[in-house]
Amino acid sequence: MRILGIETSCDETGIAIYDDKLGIMSHRLYSQIAVHADYGGVVPELASRDHVRKTIPLIKEVLAEANLTPQDLDGVAYTAGPGLVGALLVGCSIGRSLAYGWNLPAIPVHHMEGHLLAPMLEDNVPEFPFVALLVSGGHTMLVRVDGIGEYKLLGESVDDAAGEAFDKTAKLLGLDYPGGPVLAKMAEQGEVGRFKLPRPMTDRPGLDFSFSGLKTAAGTLVRKETEHLSEAEKAQTFADIANAFQQAVVDTLAIKCKRALKQEGLKRLVIAGGVSANTSLREKLAITTEKLGGEVFYPRPEFCTDNGAMIAYAGLQRLQTGQLEELTFKAKPRWPL
Ligand code: KG4
Ligand code: ZN
């Protein structure tokens, strides 16, 4: 069985073909970062227009690379939500139209389900059940996963998502959007322990997160500590603040993951979403799970962020287990998992 996957929920056009025997046959990712760079964030209207320009050419490219024709496919999966409604509508309308024209099932996929199944694209596949930490620009969630479509939300952010906090703090440090990966690089040059930031909501029970206070605390440090400094001193202080910020986010996520695994009596942890590309987070969670006698699973870095392969894979699972939504034309900007 072979599925075409289409991801257009935010600022990346991701297209892929996944085969249940051969795995990923081909995939393409076009990032709009340059389009939005001047604006300091994603401009929804520009995102939609760029998806319109890129989606069909990339579909042609993946079919050509895999040496396939539409007749060789068994379904078309597309991200139906959550995300930017205009951007979603592009993938949704192209996906549904192609499926209709090619006489194939159209498979609406939840973007976060795509992320949480992304580790299944790797050789070391986690068995069910497991706890998944989903950390992206729009979401921070802990989910118990018992099987395809069997998801129980254990906790989530009550304000900013982890990636959003990375991006906002990066902006305070003078970095361009999306600043998460650049802040992570900057943190490597920082002095460990020069500054200490809080680990929000870890001193009380529960599995929810809050990251907006952490960004504010980092902003206060930037204002207080960098006045009257030379450029070189400023660069070092920025790196020290980046280090303290990253450490605080990583520790907070690790504390809650450990709590979730203990609460659910599980040993397998999956991390996915853009922030799961963070090396410091991966190292910390490897140690945390090892101490519990467990294991952590994550996708390769290019499948941590938005991509078409995870949507094709999730679509295949939905089709194989007969879990298809009713065939209405819908994009859902908000959609609980
Ligand atoms: O999953 P994703 O590509 O898009 C959403 O669905 O939101 O995640 C993007 C987020 C951005 O906030 C980006 O700054 C963050 O993931 N990110 C990182 C790293 N790589 C991407 N944050 C921290 N460290 C990284 N290495
Ligand atoms: Zn995402």
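May I ask which residue of 59, 305, 285 lies farthest towards the positive end of the charge dipole of the chain, with charges of +1 (Lys, Arg) and -1 (Asp, Glu) on Cβ and the Cα centre as origin?
It is 285, whose Cα lies furthest towards the positive end.
Would you mind ranking 157, 230, 97 so that the residue whose beta carbon has the fewest other beta carbons within 10 Å leads the list?
On the way: 157 21, 230 8, 97 13.
Lowest count first: 230, 97, 157.
Can you compute 3J(HN,Hα) from phi for each residue in the stretch 6-20, using the Karplus curve 6.51 cos²θ - 1.76 cosθ + 1.60 with θ = phi - 60°, rounded to whole Hz and x for Gly and Pro?
Each residue of the stretch 6-20 in turn: 10, 10, 9, 7, 9, 10, 10, 9, x, 10, 7, 10, 10, 10, 5 Hz.
Return the distance in nm (one decimal) between the two label points of a simple spin-label model at residue 125 and residue 228, each offset 7 Å from Cα along Cα→Cβ.
Each label point lies 7 Å from its Cα, and together they span 6.3 nm.
Let's see if you can work this out: charge +1 on each Lys and Arg Cβ, -1 on each Asp and Glu Cβ, no other charges. What is the dipole magnitude of the chain about its Cα centre, in debye to the nearest 20? If you can, show how the numbers build up before the last one.
On the way: 35 positive and 42 negative charges, 122 e Å.
My answer is approximately 580 debye.
Return one number: the angle in degrees, 0 to 90 and rounded to the nearest 10, between the long axis of the Cα atoms of helix 231-264 and the longest principal axis of the Cα atoms of the chain.
Helix 231-264 sits at roughly 60 degrees to that axis.
What FRET efficiency would be calculated for the residue pair residue 194, residue 216, taking the C-beta separation as r and a Förster radius of 25 Å, to the nearest 0.05? Write out the running numbers ahead of the final one.
Working: r = 19 Å, r/R0 = 0.76.
Efficiency, rounded to the nearest 0.05: 0.85.
Starting from the exponent 0.38 and prefactor 2.2 Å, build the expected Rg for the chain from its residue count and divide its actual Cα Rg by it.
Numbers: Rg = 20.3 Å, N = 337, 2.2 N^0.38 = 20.1 Å.
Normalised Rg, Cα atoms only: 1.01.
Neighbour counts of other C-beta atoms within 10 Å: give me 130, 166 arranged from fewest to most.
Values: 130 23, 166 30.
The order, fewest Cβ neighbours first, is 130, 166.
Taking 8 Å as the Cα distance limit and 6 or more residues as the minimum spacing, I'd like the relative contact order of the chain as a percentage. Display every interim value, and only then the final one.
On the way: 722 pairs, mean separation 84.3, N = 337.
Result for the chain is 25 percent.
Would you tally the net charge around residue 262, using a Cβ to Cβ cut-off of less than 12 Å, leaving residue 262 out, and scoring K and R as +1, D and E as -1?
Details: positive: 256, 258, 259, 267, 291; negative: 264.
Summing Lys/Arg as +1 and Asp/Glu as -1 gives +4.
Quote the Stokes-Einstein diffusion coefficient, in whole µm² s⁻¹, for the stretch 1-109, based on the Kirkwood radius over alpha carbon pairs, a temperature of 20 °C and a viscosity of 1.002 mPa s. Don't jump to the answer; show the numbers that get you there.
Numbers: Rh = 13.9 Å.
Reported coefficient: 154 µm²/s.
Explain nothing, just the number: relative contact order of the stretch 191-337, from Cα pairs under 8 Å at least 6 residues apart, as a whole percent.
Working: 117 pairs, mean separation 28.8, N = 147.
The normalised contact order for the stretch 191-337 reaches 20 percent.
Of the residues 156, 188, 164, which exhibits the maximal mean-square fluctuation in a Gaussian network model of the chain defined by a 10 Å Cα contact cut-off?
188
Quick one: order 303, 128 by neighbouring beta-carbon count within 10 Å, fewest to most.
Working: 303 27, 128 12.
Lowest to highest Cβ neighbour count: 128, 303.
Expressed as a whole number of Å, what is the distance separating the alpha-carbon centroids of the stretch 262-337 and the stretch 150-184?
Between the Cα centre of the stretch 150-184 and that of the stretch 262-337, the gap is 17 Å.
What's the angle, to the nearest 10 degrees (0 to 90), between helix 162-172's Cα axis and the longest principal axis of the chain?
Computed tilt is about 50 degrees.
Which percent, to the nearest 5, of DSSP beta bridges fully inside the chain are antiparallel?
Numbers: 26 of 43 bridges.
Counting DSSP beta bridges with both partners in the chain, the antiparallel share is about 60 percent.
In a Debye calculation with equal point scatterers on the alpha-carbon sites of the stretch 127-298 and no solvent, what is log10 I(q)/I(0) at q = 0.11, 0.16 Å⁻¹?
For the requested q values the scattering log ratios are -0.44, -0.88.
Between the helical axis of 279-291 and the dominant principal axis of the chain, each derived from Cα atoms, what acute angle in degrees is found, rounded to the nearest 10?
90 degrees
Readers should treat all values here as calculations from the given coordinates under stated rules, not as data from a laboratory. Nothing here was measured: the structure is a model prediction, and the numbers come from that model. We place every Cβ from the backbone using ideal geometry, glycine too, and count neighbours over all the protein chains shown.
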